[in-house]
Each structure stands twice: as C-alpha cells, then as structure tokens.
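Report on the following structure.
The values are calculated or read from the model by the stated rules, or taken from the named source; none is laboratory data. If you're wondering where the values come from, they're calculated on a predicted model, not measured in any experiment. Cβ atoms come from the backbone with ideal geometry, glycine included; neighbour counts cover every protein chain shown.
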Amino acid sequence: MQFISYSFVILWMITFALYYLVPKRMQWYVLLAASLIFYGVGLGGFPLNLLLTGVTTYGCGIYIKKTLEQEKEARKQCVDREQKKTVKAAFQKRRKRVQILYMAFNLGLLVFYKYAVIAVPVIETLTGRHAGFLEKVIMPLGISFYTLTAISYVVDAGRENCEVETDFLKVLLFLAYFPSVTQGPFNRFSRMKEQFEGEHGFSYDGMLRGIQRFVWGAFKKLVIADRLGIFVDRVYGVEAASVSGSIYACATVLYMLQLYADFSGYIDMASGVSETFGIILPDNFRRPYFAKSVAEFWRRWHITLGAWFKDYVMFSFVMSGTGRRLGKACKNKWNGYGRQAVPIMGTMLVWFFTGIWHGRTVSYMLWGIYYGLIMSVSLVLEPFYESRKERLPVKGKHGERIWTFIRMARTWLIVFLADVLIRSGSLAQAGAIYTSFVTRLHIGSLLSSEITSYGLGRYDFLLLIPVLLIWLAVSAAEERGLDVRTVLAGRPAVIRWACYYGIVLMVLITGIYGGSYDTAAFMYQSF
Amino acid sequence: MQERILEILSEYCEEALTYNGDSMMEDGIIDSFTVINVVSDLEDEFDIEIDAKYVIAENFRNKEAIIALVQKLLEE
C-alpha cells in the first residue's frame, strides 16, 4: 500500500476518525489495528516474519528484565565491590548469550531474505544441485527497517537505557507502526512508548500541520523525484559508450536530487501522517547538501540509520573487550596515530555494514568502503587540514563564505562519485561512466537537443527550475532556523491559502502518476 | 576532578568547553571519534570502565553531563 493511493488515504481517514473517537487510553489499539491492516495489505498475506520478530523481541525483553531483577537482588547480598563485579559479570554473560541468539535469529532472517537470490549461483556451484527455489524468495516488506528497530530495543533493554515492555501488543505496535514500518525513520522504544501511551486530544493545528507536511512530501516525491527519475533511468539505462560524460554528469546530479527528494519526501509524508495522531517521529534529514564535510553530510542524511550504526555497531565494538584490548595495544604506536586505530576500525565496520544493508551488490559494498575510507582519512588528516586552512587567504566574511562554498562543493563531488557507483547497473558500467567524465565530456551536449531525448522534454526542464528553487528556498529558510509552516501560519489568510492551494495544485497537475494514478515505488523501500 | 575532565575534553574539542546547549553530539560539536578518545582518556585517568551503555547522547550532551557521568561511575 503506497502512501499516495486511495486505499491509504481511506485507511488514514478511518484511523484518524476512530483514534479521536475512542477513549484516549485505547488510542494505541487503533494505531495497532491500522498498522496490521497496512502491513497485511502491503504484504498481501499473513505477516509471519513480522510476528516472529515481534515474539522473539518481546521474549528477549522479558528475559532481560527478569535477569536484571535477579542481578539486583544478588548484588544486595554482596559484601564488597569485587563480589558485586563478579555477580554483574555473570549476569551480563547470561544476558549476552540470549541476546546473541536473538540477533543470530533475526539477522539470520534478514540476511536470508536479502541475500537468498544472489546466493543461488554460489550454492549451485558448491553443491552441484539446482537451487532455483531460492530465486522465489521475496523479501518481506520493511524487514530491513523493523529488524534493526527491534534490535535497538533489545540492546537498549540490556543496557538499561529503556524500560522493558511487558505488553506484547505494544512491542508489536513499536515494530509495525504504519507510518514508519516500510522505510523508517528508525524509532527508539523509550521515545515511542511515551507517545503511544500518551493521551492525545484532537487538535486542528496538529491535523493541519500533519497534512501540510504530508503534501510537502508528496510534492517532493511526485513533482521532483519521479520527474527526475525519468531522465536518470533513461540515461543510466542505455549503453554507456553511447552517452557523453556531461549527460552522465547531469544525470548523476539529478540522481543525487532524486534520491534526496524521494526519501526525504517519504519521511515528510510518514512524519505528517504520524503528526496527525500527535506522534512525532525523529528527524531523518537535516538538509544534507548544506554539509561542509562528508562526516557532516552523514550526520544530516538518514540520521536515524547513522545513529543506529553509531550506537549499536561503532560503540559496541570500540567498548567491547576486543576493542579495548586493541586500543591499548595500538595507543602509543605510529607517532601517536595509533590511538585512532580502533575508531578507524569501528568506522570501517560501520560503513561496511551500511553498504551491505543498502544493497546486495558488490557496488554497495564498495560504496560503503569508499565512505569508510574517506571518513578515516579525514580523521587522520584533520590536523593537516587545519594547518593548511590557516595559510589560505580565507579571512573575513567573504573569505569564510568562499571557504564554506568550497567545502560544500567538495562534499557534493564526493557524494557524486559515490552515487555513480550505486546508480550504475554494474561495476563495468560505473567504470565506463567514470571514464566518460575524462575521455568524452562533451559539455556542448548539455545545450544540444540530446538533453531532451531522455524522457524529459523542454517543458519538464523549465518546470524543474521554479520547483527546485521553491525547494531550495524552503531548505535555506530551514537552515536559518525558520519553521516554514509556522512562518506561513503567521501570514494573512490570502497568502497562506494561496501557498497551500499552489502546492496542492502543483502536486495534482504536475505530479508524475502512473496509468491508474499510482506513483512509482519509493526508492528506499527496496533497501 | 572537574578540571582534569575539562582538560581532557579541551584536548580534543575546545568548543565543548564554551558550548551552552544540551545536545553536543547532535549539534556536531563532538563526533563519535572525539567521544571514543575522551572515554578512553577518562577511563585511564580515573581508573573507571565506561560501558557502551553509558556512551549515549544524553551523557555527552554538554560538559556538565560528562562530569556527572564520571562522578556517578566513581561512586558506583
């Protein structure tokens, strides 16, 4: 069930009406019912995998709660600090075993569904038997998202960073919450539990703000992302040797915008739907193309995924026994750079997993390693950059502005090169495209009729100019700390409603729809 | 103790000493590398073990929160 479909709008309206009609303490049941319907319809069957993850997550949480209580009792009987440490270590070991089993099961399911298809030739080579049945395996809707969300709950429970839930249905709602189940953002249990259990009265402003954000998301998805997608798909779909480097460069820049408009559009729509229920989802984007470094870019792009990997992979590794031992062994080596060895290993680990989480091809793995290397190199070279900057003529207001722009442009270039890798159909195509940037750039192609031969006509390009400028203006205002919806609310009714109708009409008239008024699937849904 | 914690912090990020907000990590004042290095130095300096469960944005929201964390671990 896509967000932009009649069935979703009907589900949203019914859920909204029931949510504010039932007694407030029952509101979360309405959300659970809507989530299961949304998920069941989207999946087209019984949500067995989601339930399996729900049951194991709930069970693991209860086990953690019990052992934590037992540990507290046992520690009360201890006479000194050493004894307390021993008791703590023993209980931690028990919890860790169960958590490892839990993760092996749930990550195993994720890996199975994600990699079954590409494992076919490997299995056939190793066993000599036909493994075609694996090709029929379909990845359950949202499994990449709800599995990581579930793991965050279990780890947080073990770390005592969140309260363990004793109601199975609330755990299920946390995993299946319909605005975020298919593409995130990755929610944290303590934040969501508080909101699910809160009593939400109807608010006209809340409803209006939610709808505004949903429509803004639809604008980004239908008017920008899906339009850009036509050009990008055509260019990347033809034989690499027949396209000039400048057309590929143009398509890649548009792909950067398409991916951002598509995913942030989805997040705006999900957050908007959720806002109408008085439930605020975490921010997932903070205008990434304003970032001055790659590290900052990733603090602004898919924020909740980055936070997930930082909290549950990076810190878990660095603070583990192995991480600490390695840290101590390397600390005083290599002229003081040795102390960065473990953070660098952690970074490479995070980016390797980020790569394979996003896709099941070698390109994604290389994409992850590429970002890991860039982050690591910038860490080591940071003092060098700082000393170089001191020598550059970037003093004063204008100098700072130019320096900021140079750093932003450098970030765009790094992301641009990475995006060629993941948008190409194969490593060979990516290689041919990189080569085309050097050997046959042909800038003139951008001004010739060739540019309009890839699905987007002259009027589409002309339409994109004001549309992208509107998006840029909104982003620039947000970057300055303004909340555009609040600013609009303070304007006279004529201006306010002209803006609302303007955006809605643009979505309706200039949005890209399929034959039955369905939209193209969201790009992150396939990750 | 406070002076020593602030010295360690300033070694990696002087901006953290003048920061007055309450989300140093989200605001990009300190990144995960800084956190890891600060944690490692605090562990060596005060002979404490800072588990991954304490390495959360809440405990690194500003310099006062870091001081409170070390105090808590010393009292445990």
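Overview of values
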quantity	calculated
Close pairs (8 angstrom Cβ cut-off, 6 or more residues apart or separate chains): among the charged types (D, E, K, R) in region A:2-27, surrounded by 13 or more Cβ atoms within 10 Å (Cβ to Cβ) anywhere	A:Lys24/A:His200
Qualifying residues in region A:116-150 (those that are touching a helix residue (DSSP H, G or I) at 6+ places or on another chain (Cβ under 9 Å) and among the hydroxyl-bearing types (Ser, Thr, Tyr)) - the one surrounded by the fewest Cβ atoms within 10 Å (Cβ to Cβ)	A:Ser144
Top-ranked residue in region B:2-16 [being surrounded by 13 or more Cβ atoms within 10 Å (Cβ to Cβ) and closer than 23 Å to A:Met314 by Cβ; ranked as farthest from the other protein chains (Cβ to nearest Cβ)]	B:Ile5
Hits in region A:131-163 (condition: more than 14 Å from chain B (Cβ to nearest Cβ), assigned to a loop (DSSP other than H, G, I, E, B) and touching a residue at least 60 places away in the same chain (Cβ under 8 Å))	A:Pro140, A:Leu141, A:Gly142
Qualifying residue in region A:64-85 (condition: β-branched (Val, Ile, Thr), in a helix (DSSP H, G or I) and in contact (Cβ under 8 Å) with a residue 24 or more places away in the chain)	yes
When residues of region B:8-21 are limited to those that are part of a loop (DSSP other than H, G, I, E, B) and in contact with a helix residue (DSSP H, G or I) (Cβ under 8 Å, 6 or more places away or on another chain), the one modelled with the highest pLDDT	B:Tyr19
Some residue of region B:61-68 being closer than 27 Å to A:Cys162 by Cα, within 11 Å of chain A (Cβ to nearest Cβ) and touching a residue at least 12 places away in the same chain (Cβ under 8 Å)	no
Qualifying residue in region B:47-58 (condition: surrounded by fewer than 15 Cβ atoms within 10 Å (Cβ to Cβ) and more than 12 Å from chain A (Cβ to nearest Cβ))	yes
Selection within region A:30-45 - within 12 Å of A:Leu169 (Cα to Cα) and surrounded by fewer than 17 Cβ atoms within 10 Å (Cβ to Cβ)	A:Ala33
Qualifying positions in region A:263-294 - farther than 18 Å from A:Gln2 by Cβ and of a type in the set (D, E, K, R)	A:Glu275, A:Asp283, A:Arg286, A:Arg287, A:Lys292
Scan of region A:298-324 for residues that are of a type in the set (Val, Ile, Thr) and more than 10 Å from chain B (Cβ to nearest Cβ), ordered by number	A:Thr304, A:Val313, A:Thr322
Unique match (being touching a residue at least 12 places away in the same chain (Cβ under 8 Å), at the interface with chain B (Cβ under 10 Å from one of its Cβ atoms) and of a type outside the set (Ser, Thr, Tyr)) among A:Ala295, A:Ala270, A:Ala341	A:Ala295
Close pairs (7 angstrom Cβ cut-off, 6 or more residues apart or separate chains): of a type in the set (Lys, Arg) in region A:229-258, surrounded by 19 or more Cβ atoms within 10 Å (Cβ to Cβ) and modelled with pLDDT under 95 anywhere	A:Arg234/A:Tyr454
Filter result for the condition that a residue is assigned to a helix (DSSP H, G or I), surrounded by 14 or more Cβ atoms within 10 Å (Cβ to Cβ) and either touching a strand residue (DSSP E or B) at 6+ places or on another chain (Cβ under 6 Å) or not aliphatic (A, V, I, L, M) (or both), over A:Trp497, A:Trp471	A:Trp471
Lone unmet requirement of (1) surrounded by fewer than 17 Cβ atoms within 10 Å (Cβ to Cβ); (2) over 27 Å from the mean Cα position of the chain (by Cα) for A:Ser436	(1)
Sole residue being within 8 Å of another protein chain (Cβ to nearest Cβ), without any contact (Cβ under 8 Å) to a residue 24 or more places away in the chain and buried (at least 17 other Cβ atoms within 10 Å of the Cβ), chosen from A:Gly327, A:Gly355	A:Gly327
Residue within region B:34-43 that is in a helix (DSSP H, G or I), in contact with a Cys (Cβ under 7 Å, 6 or more places away or on another chain) and more than 9 Å from chain A (Cβ to nearest Cβ) present	yes
Of all residues in region B:17-33 being of a type outside the set (Ser, Thr, Tyr) and without any contact (Cβ under 8 Å) to a residue 24 or more places away in the chain, the one that is farthest from the other protein chains (Cβ to nearest Cβ)	B:Ile29
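Residues checked against (1) loosely packed, with under 12 Cβ neighbours inside 10 Å; (2) of a type in the set (Phe, Trp, Tyr); (3) more than 29 Å from A:Tyr364 (Cα to Cα):
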| site | (1), (2), (3) |
| --- | --- |
| A:Trp412 | no, yes, no |
| A:Ala477 | no, no, yes |
| A:Gly481 | yes, no, yes |
| A:Met506 | no, no, yes |
